[in-house]
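These notes are about the structure you will find just below.
The values are calculated or read from the model by the stated rules, or taken from the named source; none is laboratory data. Bear in mind that the values here come from a model prediction, so they are computed numbers and not experimental data. Backbone-built Cβ (ideal geometry, glycine too); neighbour counts: all protein chains shown. Quick note on the areas: whole protein, heavy atoms, side chains included, nothing else; ligands and nucleic acids left out. Shrake-Rupley method; radii C 1.70, N 1.55, O 1.52, S 1.80 Å.
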Amino acid sequence: MTQPPPPTEAARHALPSDLIHNLLTPLNQIIGYSEMLIEQAREQGQTDFVSDLQKTHAAGKRLLSLIHDNFLSFRLPDTRAAIVAPSEEYPAQIEQKPAAEAFTQAPATGAVQGFVLVVDDVENNRDVLSRRLKRQGYAVATAENGREALERLRTEAFDLVLLDIMMPKMDGYKVLQHLKADEALRHIPVIMISALSELDSVVRCIGMGAEDYLPKPFNPTLLGARIGACLEKKRARDRETHLFQQLQESHERTQELVTALNTRNSEMAVWRAAQEADLAVARTTQQAIVASALPRLDGWQMETMYTPLIQVGGDVYGWRQLDHGSWLFWLADATGHGIAAALFTTLVALLFNHASTETRTAHGILTRVNAEFYSVLRGRSFMTACCAVIEGDGRLSFAGAGHPPLLVRRREGVIEALPSLGGLIGINPAVEIGETVTTLASGDVALLYTDGLYSLKSTGGERLSRNTLTEVFAQIGESADFFPQLIAQLVQRSSAQVFDDDLAAIALRRA
């Protein structure tokens, strides 16, 4: 005998929603517990119990379908997996999906995927849902009413709330309203759950700020997918909020530092206060540091080069006269390009000038710069740097922190490298920075530079190395217009490719 068609809209019996809710609640528990028992029986090899459990589950599903067809004026699409196979005794009354094994879930292993609060006034409902979530890898806490839920949310850090609608004292709508009105809690995603699949409930919940709505009973796969999607959106929002807070903190600390510096750096303070200023203002500030006139050095000839990749760059250099005819030359290379990198390099320029008033040795100056840089940024940014102190008699002392070595070309063409003996600036406030000393004779040339000087690629796509720079330096070390010829030779070796990093360098020739 064929099954009668579902009743029409007019033929359905109108029952109070609370009565339907009371009918569906224990039915959902029967279906939920039978699903988990089927899964556990299969996992433990107790296959003798599976058949009877499947019959229990199928009977529950059949009754659920009858209630939906005869007493509900609206129902959401049934996306729940059929976890049991139909039989002659219990024919399929619902849409059949793939084989049951596809939806069987083993207990999750590894890290907890999130902390979920289950809010439901019925103990068995809380138990079914909690056990299901724990099998999917979530940490779970429960609350039996709306007031308890709000108390726990204000004292514990939850990632998601599964909130029942039909509850005494304070229903799910009211709890959702309190959550979205609280600035400290409104970011927590909420999925509403109910045994009633009513369109007006769905529309109301989404309109109040709920992330999603799930009717009972739950499809385990769909439940996991909906929760996973909500948590991924929350984590993305949390990452954006954390990044914004870091930027805010960095701006505030930088503003305090700039305000404390002397008046000749007031331009920097203005730039820091106006973080959204355009690139032209940042370029003007940076050029004021690196484009000053070259000093006149008795017994020395000096050339410089500075070419940012874009309007403002992460490389910077400078010099300062010390006592008894000695001079300090320094160079730094921040990560990245643009306004943020220019901001850090400008800060370093100020720190080098300040450090040179406190000490006169290369390693002492660089050590002081590192300590001051770390005190401002606390390890959130880093850079390479180096400095050299030259004396009138040709003596040169060099200190580097994660920076390429200083190259010395002797008059006869031999190249010597003075290595950096310290780690990157800004990572460790007490980094050990060593110093190397040599003496330049007449005709010798010392080259301080950033790694952008060999940031070219060959026709084969390989990046040029410091060895290439050393070879070119050895060939043109004594020529006039040193840097134009050096750049031309490097470009020639890369088959006219372009540099892909900021360039900064200082050449010192002993007369």
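Going residue by residue through segment 447-469, is there one that turns out to be touching a residue at least 40 places away in the same chain (Cβ under 8 Å), surrounded by fewer than 19 Cβ atoms within 10 Å (Cβ to Cβ) and of a type in the set (A, V, I, L, M, F, W, C)? No - not one qualifying residue is present in segment 447-469. Of the residues making up segment 298-343, just one is crowded, with 24+ Cβ neighbours inside 10 Å, aliphatic (A, V, I, L, M) and assigned to a loop (DSSP other than H, G, I, E, B), namely Val312. Across segment 76-98, not a single residue is classified as at pLDDT below 85, assigned to a helix (DSSP H, G or I) and either open to solvent by 60 Å² or more (accessible area, probe 1.4 Å) or among the small types (Gly, Ala, Ser) (or both).
Can you find, within segment 125-168, the residue that is nearest to Glu39 (Cα to Cα) among those that are among the hydroxyl-bearing types (Ser, Thr, Tyr) and either in a strand (DSSP E or B) or open to solvent by less than 60 Å² (accessible area, probe 1.4 Å) (or both)?
The residue in question is Ser130.
Is there a residue being in contact with a strand residue (DSSP E or B) (Cβ under 6 Å, 6 or more places away or on another chain), open to solvent by 10 Å² or more (accessible area, probe 1.4 Å), more than 14 Å from Ser397 (Cα to Cα) and modelled with pLDDT under 90 anywhere in segment 345-359? Within segment 345-359, not a single residue is in contact with a strand residue (DSSP E or B) (Cβ under 6 Å, 6 or more places away or on another chain), open to solvent by 10 Å² or more (accessible area, probe 1.4 Å), more than 14 Å from Ser397 (Cα to Cα) and modelled with pLDDT under 90. Restricting attention to segment 377-421, the residues being open to solvent by less than 20 Å² (accessible area, probe 1.4 Å) and farther than 30 Å from Ile476 by Cα number 2.
From Ala385, Ala340, grab the single residue that is free of Cβ contacts under 8 Å to residues at least 12 places away in the same chain and not basic (Lys, Arg). After applying the criteria, what remains is Ala340.
The set of residues from segment 422-438 being closer than 22 Å to Leu508 by Cβ, open to solvent by 40 Å² or more (accessible area, probe 1.4 Å) and in a loop (DSSP other than H, G, I, E, B) comprises just one member, Glu435.
Tallying residues that are in contact with a helix residue (DSSP H, G or I) (Cβ under 7 Å, 6 or more places away or on another chain), under 19 Å from Ala229 (Cβ atoms) and at pLDDT 90 or above within segment 115-159 yields 5.
Within the bounds of segment 183-191, is there any residue that is surrounded by fewer than 16 Cβ atoms within 10 Å (Cβ to Cβ) and part of a helix (DSSP H, G or I)? Within segment 183-191 (the criterion being surrounded by fewer than 16 Cβ atoms within 10 Å (Cβ to Cβ) and part of a helix (DSSP H, G or I)), the answer is no, since none of the residues qualifies.
Residue-by-condition table, conditions (1) modelled with pLDDT of 85 or more; (2) surrounded by 12 or more Cβ atoms within 10 Å (Cβ to Cβ); (3) polar (S, T, N, Q):
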position	(1), (2), (3)
Ala229	yes, yes, no
Lys234	yes, yes, no
Glu240	yes, no, no
Phe244	no, no, no
Glu249	no, yes, no
Thr254	no, yes, yes
Leu257	no, yes, no
Thr263	no, no, yes
